[in-house]
Every structure is written in C-alpha cells, then in structure tokens.
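The structure under discussion appears below in the form of structure tokens.
The values are calculated or read from the model by the stated rules, or taken from the named source; none is laboratory data. Note that this is a predicted model, so its numbers are computed, not measured. Ideal geometry is used to build each Cβ from the backbone, glycine not excepted, and the neighbour counts take in all protein chains shown. Areas reflect the complete protein model, heavy atoms only, side chains present, ligands, DNA and RNA absent. Shrake-Rupley method; radii C 1.70, N 1.55, O 1.52, S 1.80 Å.
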Amino acid sequence: MTTISLKVNGRDYRVHVDDNTMLLDVLREKLNLTGTKNGCGQGACGTCTVVMDGEAVRSCIVKAIKADGKEILTIEGLADGVTLHPIQEAFVRAGAVQCGFCTPGYIMTLYALFKKNPDASDEEIKKILEKHLCRCTGYETIWEGAKLAQKMMKT
C-alpha cells in the first residue's frame, strides 16, 4: 500500500492505495464522490472525465499513484452550493441531460477546454465532444449545451 496526497474540489486528502488502484476508484469508493461515473473502464467513453491540474483526464485509466500531489476537480466541485456552474446550467437549459450518466464527463471536458480557451472554435469543441459517448440523446442537445455554456462563461 502507498499513501498519496491529493486535493479534490479544494479539499486535501491522504489516501492509501494499491499500485493498480485507479483514480476513479479513489474518487468513488474512498472519497464518496459518485458524480464521476464508470462507463467503459477503458478510457473510451469519457463518462469518468475529471480535471487534473487543469487537464481533462479519463479517471478510469489514470492510476491513483499518478494523482499524488495533484489537484483534481470533479463534477461535485463545480457548483457553488445550490448555484449551478454555467456549464451545468447550460446543459439543463439545452435539455442535454436526459439520463445524466454521461453528463459529468461532458461538463468536465468542456470546463477544461473553456478554462484554457474561452474562445475555442466550433471545430475544437466538436473534436473534444466526439471523444464522448451518450446513449440517450441525439448529440444535438449536447452541442447546443456546449455552445450555450461557452457563451454563458463569457458573461
């Protein structure tokens, strides 16, 4: 067992992990942050996306020991109490949250993109959205949510 230190949603944690423990498992099982979902377990669907040191990462394929000393932001860390983050609000307004399973991954990916590049082009946004899978919506509402989020984050 190894002890790692990480900051999640602004709070410091020390966690005991095995060498093969994934970041997703630490978040869900040790920290009880279940907003991050386990979709495929192989990094292909995007459902488990969190932001680590400003970068969107697939937490199901990041070993927990790689998160030692890192700052992690999960979907639970975006809202300010009961006030939704603009990306969350945009997804609600656009109807891009049907079952909600994939929603946190999309939102965290967009968060990382818009923090780095608030003026991301349509092509850049489409490119990152294409790396996510959703079984409920036509992707049109997700696209509309992304564009609305970009606009709302600028105001």
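Open to solvent by 60 Å² or more (accessible area, probe 1.4 Å), at pLDDT 95 or above and closer than 29 Å to residue 7 by Cα, is that true of residue 83?
On the way: open to solvent by 60 Å² or more (accessible area, probe 1.4 Å): yes; at pLDDT 95 or above: yes; closer than 29 Å to residue 7 by Cα: yes.
Considered against the rule, which asks whether it is open to solvent by 60 Å² or more (accessible area, probe 1.4 Å), at pLDDT 95 or above and closer than 29 Å to residue 7 by Cα, residue 83 comes out as yes.
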Would you confirm whether any residue within the range 41-54 is at pLDDT below 95 and aliphatic (A, V, I, L, M)?
-> yes
Subset of the range 29-58 [free of Cβ contacts under 8 Å to residues at least 40 places away in the same chain, within 14 Å of residue 6 (Cβ to Cβ) and over 9 Å from the mean Cα position of the chain (by Cα)] = 30, 31, 52, 53
Among the residues listed as 51, 8, 92, the single one being under 16 Å from residue 132 (Cα atoms) and not aromatic (Phe, Trp, Tyr) = 51
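Considering only the range 120-138, how many residues are part of a loop (DSSP other than H, G, I, E, B) and basic (Lys, Arg)?
Our first condition is that a residue be part of a loop (DSSP other than H, G, I, E, B); within the range 120-138, this holds for 120-121, 130-138.
Those left that are additionally basic (Lys, Arg): 131, 135.
Counting residues in the range 120-138 that are part of a loop (DSSP other than H, G, I, E, B) and basic (Lys, Arg) gives 2.
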Test: residue in the range 106-119 that is in a loop (DSSP other than H, G, I, E, B) and within 12 Å of residue 45 (Cα to Cα) | no
Mind listing just one residue for me: the one in the range 32-52 that is open to solvent by 30 Å² or more (accessible area, probe 1.4 Å) and in contact with a Gly (Cβ under 8 Å, 6 or more places away or on another chain) and, of those, nearest to residue 9 (Cα to Cα)?
-> 37
Unique residue being open to solvent by 60 Å² or more (accessible area, probe 1.4 Å), touching a Ser or Thr at 6+ places or on another chain (Cβ under 9 Å) and closer than 30 Å to residue 19 by Cβ when the list is 55, 76 | 76
Report the residue count in the range 98-107 for those that are crowded, with 21+ Cβ neighbours inside 10 Å and free of Cβ contacts under 8 Å to residues at least 60 places away in the same chain.
-> 2
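Being under 17 Å from residue 84 (Cβ atoms) and surrounded by 15 or more Cβ atoms within 10 Å (Cβ to Cβ) is the filter here; which residues of the range 110-146 pass it?
To start, the set of residues in the range 110-146 that are under 17 Å from residue 84 (Cβ atoms) comprises 110-111, 114-115, 141-142, 144-146.
Listed by number, the residues that qualify are 110, 111, 114, 141, 142, 144, 145, 146.
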Report yes if some residue within the range 12-33 is under 17 Å from residue 102 (Cα atoms) and part of a loop (DSSP other than H, G, I, E, B); otherwise report no.
-> yes
Matching residues in the range 56-73 (more than 21 Å from residue 142 (Cβ to Cβ) and either of a type outside the set (A, V, I, L, M, F, W, C) or assigned to a loop (DSSP other than H, G, I, E, B) (or both)) number 8
Is it fair to say residue 141 is assigned to a helix (DSSP H, G or I), farther than 26 Å from residue 23 by Cα and of a type in the set (S, T, N, Q)?
-> yes
